[in-house]
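Asks: Take a look at the following structure, please.
The values are calculated or read from the model by the stated rules, or taken from the named source; none is laboratory data. These figures come from a predicted structure and were not determined experimentally. FYI the Cβ positions are ideal-geometry reconstructions off the backbone, even for glycines, and counts take in every protein chain you see. Keep in mind that these areas ignore ligands, DNA and RNA; they rest on the heavy atoms of the full protein, side chains included. Shrake-Rupley method; radii C 1.70, N 1.55, O 1.52, S 1.80 Å.
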Amino acid sequence: MYTIKQASTLTKLSIDTIRYYEKAGLLPKIKRLPNKHRVFTQPDIERLQMITCMKKANLSLEEVKLYLDIAKTSNMSPEMVAGMHQHKEKVKNQMAQLQTVLDFIDEKLAEGTWLKRKA
């Protein structure tokens, strides 16, 4: 069991963000102690980490909620499967674009052109 502060540290999310995700319905009902403090379980931490991963993939909170709901029921319509494949392709394209940038940076560093200055 984790306090909200510990959950924040483990997930690298702010306490406000965790509270927001709870309010937005992205988290299941969080258990509370008699003093009303939230208590997070390991599955809650893993769900927060999954949300973070999906946000990094540029999914909206609505899409995140949809996919989390799907994961809970394992009941995906053909449209949902198509949407996931489409998003996967979008992420792959973003990765390819970033790889191009990395390759360019590596090339310039290898040439030393960024280190040379005109006198």
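Asks: Kindly write out, for the range 35-49 in residue order, the coupling ³J(HN,Hα) from the Karplus curve 6.51 cos²θ - 1.76 cosθ + 1.60 (θ = phi - 60°), rounded to whole Hz, with x marking Gly and Pro.
Replies: Karplus values, whole Hz, x for Gly and Pro: 7, 6, 6, 6, 10, 9, 9, 4, x, 5, 5, 5, 5, 4, 5.
Asks: So how far apart, in nm, are the two label points at Ile45 and Arg32 if each is 7 Å from Cα heading toward Cβ?
Replies: In this crude label model, Ile45 to Arg32 measures out at 2.4 nm.
Asks: Additional query: Over the range 13-54, average the accessible area per residue using a 1.4 Å probe and give it in Å², no decimals.
Replies: Details: 2650 Å² over 42 residues.
Ligands and nucleic acids excluded, the figure is 63 Å² per residue.
Asks: Consider the candidate values (i) 35, 17, 13; (ii) 31, 14, 12; (iii) 38, 23, 9; state which one is semi-axes √(5λ) of the Cα gyration tensor in Å computed from the structure displayed.
Replies: (iii)
Asks: Can you work out the Karplus-derived ³J(HN,Hα) for every residue in the range 20-34? Use 6.51 cos²θ - 1.76 cosθ + 1.60 with θ = phi - 60°, whole Hz, and x for glycine or proline.
Replies: Going residue by residue, I get 5, 4, 5, 5, 6, x, 7, 10, x, 4, 7, 5, 10, 7, x Hz, with x marking Gly and Pro.
Asks: Evaluate the distance, in nm, between pseudo-label points positioned 7 Å from the Cα of Thr3 and of Ile15 along their respective Cα→Cβ axes.
Replies: Each label point lies 7 Å from its Cα, and together they span 0.8 nm.
Asks: Between Lys55 and Lys88, what length in nm is gained on full extension when 0.36 nm per residue of separation is reduced by their alpha carbon distance? Kindly include the intermediate steps, with their values, before the conclusion.
Replies: Values: separation 33, 0.36 × 33 = 11.88 nm, distance 1.34 nm.
Going from the current span to full extension adds 10.5 nm.
Asks: Would you work out what percent of the accessible area of the range 1-105, with all protein chains in place, is carbon or sulfur (probe 1.4 Å)?
Replies: Values: 4460 of 7490 Å².
C and S fraction of accessible area: 60 percent.
Asks: Another question, if that's okay. Longest span of the chain, sites excluded, free of trypsin sites (Lys or Arg not before Pro) in DSSP loop with at most 10 other C-beta atoms within 10 Å? Walk me through the numbers on the way to the answer.
Replies: On the way: sites that count: Lys12, Lys29, Lys36, Lys116, Arg117, Lys118.
Longest site-free region, per DSSP loop and neighbour criteria: 37-115.
Asks: A 25 angstrom limit on the alpha carbon distance is what I want to check against. Which of Lys5/Lys56; Lys12/Lys108; Lys31/Lys65; Lys31/Lys72 exceed it? Provide the component values of the computation, followed by the final result.
Replies: Details: Lys5/Lys56 22 Å; Lys12/Lys108 33 Å; Lys31/Lys65 20 Å; Lys31/Lys72 19 Å.
Too far apart for the 25 Å limit: Lys12/Lys108.
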